[in-house]
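The values are calculated or read from the model by the stated rules, or taken from the named source; none is laboratory data. Remember, predicted model here, so these are calculated numbers, not experimental data. Quick reminder, even Gly has a Cβ in these numbers, built from the backbone with ideal geometry, and neighbours come from all protein chains shown. Calculation scope for accessible area: heavy atoms of the full protein, side chains included, ligands and nucleic acids excluded. Shrake-Rupley method; radii C 1.70, N 1.55, O 1.52, S 1.80 Å.
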Amino acid sequence: MVVLSSEDDSRELLQAHVELWNQTYSFMKSVALAVALDLRIADAIHRCGGTATLSQILGEIGVSPCKHASLRRLMRVLTVSGTFDIQPSSAPAGTTSSESDGHEPVYKLTTASCLLVSSNSGGESLATASMSPMLNHVLSPFRDSTLSMGLTAWFRHDEDEQCPFTLMHGATLWEVSEHDDAVNASVNNALAADSHFLMQVVLKEFSEIFHGIDSLIDVAGGLGGAAMAIAAAFPSLKCTVLDLPHVVATAPSIFIGNVQFVAGDMFESIPPAKACLNKSLSI
């Protein structure tokens with residue numbers, strides 16, 4: 001167990017936390033590139049003359065407009081990784097470009113994404129040979145892996161009500177957890193470990209936010225790691241942990257000191273309290 005003794009320790013640990021998350025999700029760059037190849041995004045931008053807005057890309061790749069926000073997220077990964085570039089749109093003088101004011105960002109091909117343009121993409125021919133067949137071959141394991149969550153199929157699905165995980169598995173992660181003890185244990189242990197780490201920093205650096213309140217509800221609080229850390233630091237603070245019945249069933253106890261567990265659904269009702277804690281809704 002790491003004991004924080006100074007503000008520098010907190011900063012160093014948080015930076016290490018960020019670096020580990022960055023390494024953990026680094027595979028998403030490969031997944032995003034595989035999806036871009038499947039949807040032929042480079043071909044779409046090439047057909048538009050080398051630059052295109054999200055709306056133009058959606059139209060070219062035949063994806064429903066309901067995926068606009070999700071395509072923006074995909075393109076954000078691809079621009080940060082250098083596959084595509086983004087340039088400011090021609091917003092009126094004295095204003096800033098943003099989607100909220102109707103001025104979409106414009107994406108353009110880079111030297112890297114020019115290598116993704118297929119030979120039969122349409123538009124003006126490029127002097128460079130396409131690397132798409134080789135990259136499709138190398139990235140094929142990602143398409144078959146659960147890591148990709150069937151993103152290409154999800155983008156081609158006309159409805160936006162289901163997340164990629166739900167479309168792939170036929171149920172949400174929480175519904176799968178309800179019927180699979182191994183998944184339930186994995187999710188709960190993961191969230192408990194994350195809470196144990198983060199609450200060390202929160203209680204050391206920001207404990208004043210809990211002063212002056214006598215009750216707190218931890219929404220989707222899992223096994224109660226965050227609530228129990230708060231309750232230990234503030235014995236007079238009554239803490240309630242709300243989570244789904246199958247999660248509460250595996251909690252240490254229904255009542256531990258000033259921590260109480262309540263089975264329920266936060267989308268239906270939340271027990272009253274002076275403060276509401278929502279550390280993490282998704283993993």
>> Give me the count of lysine pairs in the chain whose alpha carbons sit under 29 angstrom apart, restricted to pairs 8 or more positions apart or on different chains.
In response: 10
> Under the rule of -39500 (n - 2.57) per DSSP H run of 4 or more residues, summed and divided by the residues of the chain, what mean residue ellipticity at 222 nm is obtained, to the nearest 500 deg cm²/dmol?
Replying inline: -14000 deg cm²/dmol
> Based on DSSP, what percent of beta bridges with both residues in the range 187-278 are antiparallel, to the nearest 5?
Replying inline: 15
>> Rounded to the nearest 10 Å², what accessible area does residue 51 have for a 1.4 Å probe in the complete protein model?
In response: 50
> Excluding residue 259 itself, what net charge comes from residues whose Cβ is under 11 Å from its Cβ, given Lys and Arg +1 and Asp and Glu -1?
Replying inline: 0
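Summing +1 for each Lys or Arg and -1 for each Asp or Glu, what net charge is found among the other residues whose Cβ lies under 13 Å from the Cβ of residue 32? Please report the intermediate quantities before stating the final value.
Values: positive: 29, 72, 73, 76, 143; negative: 38.
Result for the neighbourhood of residue 32: +4.
Using a simple charge model, +1 on the beta-carbon of Lys and Arg, -1 on the beta-carbon of Asp and Glu, nothing else, what dipole does the range 187-278 show about its Cα centre, in debye to the nearest 20? If you can, show how the numbers build up before the last one.
Working: 3 positive and 8 negative charges, 40 e Å.
I would put it at about 200 debye.
Could you work out the relative contact order of the chain, using alpha carbon pairs under 8 angstrom and six or more residues apart, expressed as a whole percent? Display every interim value, and only then the final one.
Numbers: 357 pairs, mean separation 39.0, N = 283.
The value is 14 percent.
Just to be sure I understand: of the beta bridges DSSP finds with both ends in the chain, what percent are antiparallel, rounded to 5?
On the way: 9 of 22 bridges.
That works out to approximately 40 percent antiparallel.
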> Given that just one value was derived from the coordinates, which of (i) 30, 28, 20; (ii) 35, 20, 18; (iii) 44, 22, 19 is semi-axes √(5λ) of the Cα gyration tensor in Å?
Replying inline: (iii)
